[in-house]
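J.: Below you will find the structure I want to go over with you.
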Amino acid sequence: MRDVVPDAVPCGLVELDDQGAIVGANEVFRAWTGTVSVAGRLLTDFIDSIDPQRGLAAGDIVFLKNDDGMRRPVLVEGPLGAGIAVVFDATHRQAVEDGLLQTHALVRRTQNRLQLVIDASIAFSAATTEEELGQLLAETAARAYAAEESMVFLSDDGRLRQVAGTYPFAELDVGELLSIPALRRGEVVKIAGAEEAYAVAAPLGRAFVSAGVHSIIASPIWHEDDVLGVFVCFFLHPRGFDEQASPLASALSGQAGQVITSLRLQRALEHAATHDETTSLPNRRFLEEQLQLHERVDGLTAIFFVDLDGFKHVNDGHGHAVGDRLLREVGARLRSIVRGDHVVARYGGDEFVVVAEVPDPDAAAEIAERIRIRLAERYESIPAHLPSRRASGSPSLTPRPRSAPTSSSGSPTRRCTRRRTREATGCRPRSLRPSEAPSAIWRADPLCSNSGIRRVVRRRPDPGPRPGRCPVWSVEAPAMGRFTYDATLSVDFDDRVLAHLQAVIGAKLRRGESFMFTWTDDVALGSGHTAVWLNPTSSISFKYFGNRSPALNRRWIEQLMMSANSTTGLQVVPEPNGDAKGSELETP
């Protein structure tokens, strides 16, 4: 190299011949390459990372190799043929470019993760069950971290249950994994490699090795201050975690926690709307829905109405707290008698209803006997001398529509087998014989209570008596008005009684209210009770014997309305005694 004071400049200077071989180089270049004698060697021999397709271009950062294996980022300016090539140190520029690339990659990952959190929030909010949410969270977490396995645990009353995903550690109990101290403190846990796992706990390290797991990330599922569960991702490949891994896990956990809280609140509200607060049994509303379902399914259903005698003495003598304990114990006893798919409901006050699918009437009688025996046992909640040991009930058997034969006119033949069960201090309910089984459908009119009426007519096309079938009941009362329900069940009332019933029933139905209407059957039918469920869609009619509408007694209507608004429903009460003038309402 010619004498141009080449060692005075802070860059490498290289003189090349027309073949690209080095003729001479300054001290800086020789120091960077770690070679004293560079003459005769090609400049490209010292340069790494040249694109073989396009070669070395101006402005490219390449790496200058050193004999000790070090690589220095440099920028080469000048021809690679004959002439002078200038080699600049590009270490700082490379660091800046690397930083920019890393920042760009971080921005891209942040945008992707933000979009993932937004998408997860939308997907989570559409979940209708905790199991569905758990599956969505497991899938989202596995996709966000590129994990091979993921799983989700949710807490129910302090106990964790797995709702989604798979668990790869065959030799480590789930409880040991979830008992990691940091995780129990509500922190996100990241473990990269078996060595870190051993540092946390030796069993965890051994589980890493045996299952081929390289890394895990685990996060508590939380909402406000409540920990609702945990999700864990498992990596079967080497995996490190950047500074965004924990915030992403917290974001996913927070989104899931909000939805879980909302689902549990909704579930609690639904339970409160359909269950009794005192006994936690299904309430009247739930019972009505179940009875509607039973009407649409084939089979035989037994419905038992249970009323506790003497319950008022418990409340009056020992307070409502003792009464509530007694109700809860009665509910628990009823649940212990029937199968899990049967319905035990508190109808109101001291009244309970049991709905059970049975194969035949004998099975219904057996359930009734079990109820009587179980409820007659001693109650620890109340003193022995209080008269609260008795219960009365009215089971009815309800075959369901699709099994019903039809008459020649195409209408279903409707018959009923109903046997009263009076349980009062040791009275045994009467068994229902198979020969008395209903031969057609009977609309579920399950609940019975006291009222006063004249006669009852259940009508159907009568082909005549047949062996093994229940009798057809037909009682006529030509001097009476008639209330007809569903075109199949009629009961005769005096015109004056019927007019007051029409006023009360009409007012309730116009307000969209549903209620029970109960009356006492005629002695010819066994002096039992009949009850029908009236709602705005019920088919009912009022047929009067006379051609003049009776005047209405306001006080009587008020008493009937009070009865209709009670938990037992509408029952016929006697007209108030005394002169009704001034309290009567003329009917049009």
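The values are calculated or read from the model by the stated rules, or taken from the named source; none is laboratory data. Predicted model only: the values in this text are computed from it and were never measured. No Cβ is skipped: glycine too gets one built from the backbone with ideal geometry, and neighbour counts run over all protein chains shown. The protein model used for the area step is the full one, side chains on, heavy atoms only, and it has no ligands, DNA or RNA in it. Shrake-Rupley method; radii C 1.70, N 1.55, O 1.52, S 1.80 Å.
J.: In the range 296-343, which residue that is farther than 28 Å from ARG378 by Cβ and touching a Ser or Thr at 6+ places or on another chain (Cβ under 8 Å) is least open to solvent (accessible area, probe 1.4 Å)? So that I can check it myself, show each step before the final result.
T.: Step one: list which residues in the range 296-343 are farther than 28 Å from ARG378 by Cβ, which gives 296-301, 341.
This time we only want the ones that are touching a Ser or Thr at 6+ places or on another chain (Cβ under 8 Å), so: 298-301.
Values: ASP298: 74, GLY299: 32, LEU300: 29, THR301: 3 Å².
Looking at the filtered set, the residue picked out is THR301.
J.: Looking at (1) assigned to a strand (DSSP E or B); (2) touching a Phe, Trp or Tyr at 6+ places or on another chain (Cβ under 7 Å), can you tell me which one PHE234 breaks?
T.: Status for PHE234: all satisfied but (2).
J.: Could you tell me whether the range 168-181 includes any residue that is in a strand (DSSP E or B), under 24 Å from TRP222 (Cα atoms) and touching a strand residue (DSSP E or B) at 6+ places or on another chain (Cβ under 9 Å)? Before the answer, list the steps.
T.: So the first thing to find is which residues in the range 168-181 are in a strand (DSSP E or B), and the list is none.
Scanning the range 168-181 turns up no residue that is in a strand (DSSP E or B), under 24 Å from TRP222 (Cα atoms) and touching a strand residue (DSSP E or B) at 6+ places or on another chain (Cβ under 9 Å).
J.: Filter the range 225-247 down to the residues that are surrounded by fewer than 16 Cβ atoms within 10 Å (Cβ to Cβ), closer than 18 Å to ARG184 by Cα and in contact (Cβ under 8 Å) with a residue 24 or more places away in the chain and list them by number. Don't jump to the end; show me each part of the working.
T.: As a first pass, look at the range 225-247 and keep what is surrounded by fewer than 16 Cβ atoms within 10 Å (Cβ to Cβ): 225-226, 236-238, 240, 242-244, 247.
Filter once more, keeping what is closer than 18 Å to ARG184 by Cα: 225-226, 247.
Residue satisfying the conditions is ASP226 alone.
J.: I would also like to ask the following. In the range 181-208, how many are within 21 Å of TYR145 (Cα to Cα) and either at pLDDT below 90 or out of contact with any helix residue (DSSP H, G or I) (no Cβ under 9 Å at 6 or more places or on another chain) (or both)?
T.: 4
J.: Please return the ranges of helices (runs of 4 or more DSSP H) entirely within the range 269-341 where 1 or more residues are touching a Pro at 6+ places or on another chain (Cβ under 8 Å). Steps first, answer last, please.
T.: On the way: elements: 284-295, 311-318, 320-337.
Here the list reads 284-295, 311-318.
J.: Is it fair to say LEU154 is open to solvent by 70 Å² or more (accessible area, probe 1.4 Å), more than 18 Å from VAL213 (Cα to Cα) and of a type in the set (A, V, I, L, M, F, W, C)? Can you show your working first?
T.: Values: open to solvent by 70 Å² or more (accessible area, probe 1.4 Å): no; more than 18 Å from VAL213 (Cα to Cα): yes; of a type in the set (A, V, I, L, M, F, W, C): yes.
In short, no.
J.: If only one of GLY158, GLY165 is on the phi > 0 side of the Ramachandran plot and in contact with an Asp or Glu (Cβ under 9 Å, 6 or more places away or on another chain), which one is it?
T.: Values: GLY158 fails: in contact with an Asp or Glu (Cβ under 9 Å, 6 or more places away or on another chain).
None of the other options fit; the residue is GLY165.
J.: How many residues are under 17 Å from ASP226 (Cα atoms) and open to solvent by 40 Å² or more (accessible area, probe 1.4 Å) when one looks only at the range 157-178?
T.: Initially, the range 157-178 is screened for residues under 17 Å from ASP226 (Cα atoms), giving 157-161, 178.
If we keep only those that are open to solvent by 40 Å² or more (accessible area, probe 1.4 Å) as well, we get 157-161.
Number satisfying all stated conditions: 5.
J.: I'm trying to understand the selection: among the residues of the range 206-224, which are open to solvent by 20 Å² or more (accessible area, probe 1.4 Å) and of a type in the set (Ser, Thr, Tyr)?
T.: Here is the first cut: in the range 206-224, the ones open to solvent by 20 Å² or more (accessible area, probe 1.4 Å) are 206, 209-212, 214, 222-224.
If the condition is that a residue be open to solvent by 20 Å² or more (accessible area, probe 1.4 Å) and of a type in the set (Ser, Thr, Tyr), then SER210 is the only one that fits.
J.: Return the pair list, or none, for Cβ contacts closer than 6 Å from residues in the range 1-30 that are open to solvent by 70 Å² or more (accessible area, probe 1.4 Å) and in a helix (DSSP H, G or I) to residues that are modelled with pLDDT of 85 or more and not β-branched (Val, Ile, Thr), at least 6 apart or on different chains.
T.: ASP7/ASN26; ASP7/GLU27
J.: So which residues in the range 140-173 are touching a residue at least 24 places away in the same chain (Cβ under 8 Å) and not aliphatic (A, V, I, L, M), if there are any at all?
T.: Hits for the range 140-173 are THR140, ARG143, TYR145, GLU148, GLU149, SER150, PHE153, SER155, GLY165, PRO168, PHE169, GLU171.
J.: I want to confirm something. Restricting to the range 90-141 and keeping residues that are of a type in the set (Lys, Arg) and over 30 Å from CYS11 (Cα atoms), which single residue is most open to solvent (accessible area, probe 1.4 Å)?
T.: Taking the range 90-141 as the starting set, the residues that turn out to be of a type in the set (Lys, Arg) are 93, 108-109, 113.
Next, from what is left, pick out any that are over 30 Å from CYS11 (Cα atoms): 108-109, 113.
On the way: ARG108: 113, ARG109: 91, ARG113: 41 Å².
Taking the candidates together, the pick is ARG108.
J.: Also, I was wondering about something else. Of the residues PHE286, PHE305, only one is in contact with a Cys (Cβ under 8 Å, 6 or more places away or on another chain) and under 23 Å from GLU513 (Cβ atoms); which?
T.: Numbers: PHE286 fails: in contact with a Cys (Cβ under 8 Å, 6 or more places away or on another chain).
Just a single option satisfies the conditions, and that option is PHE305.
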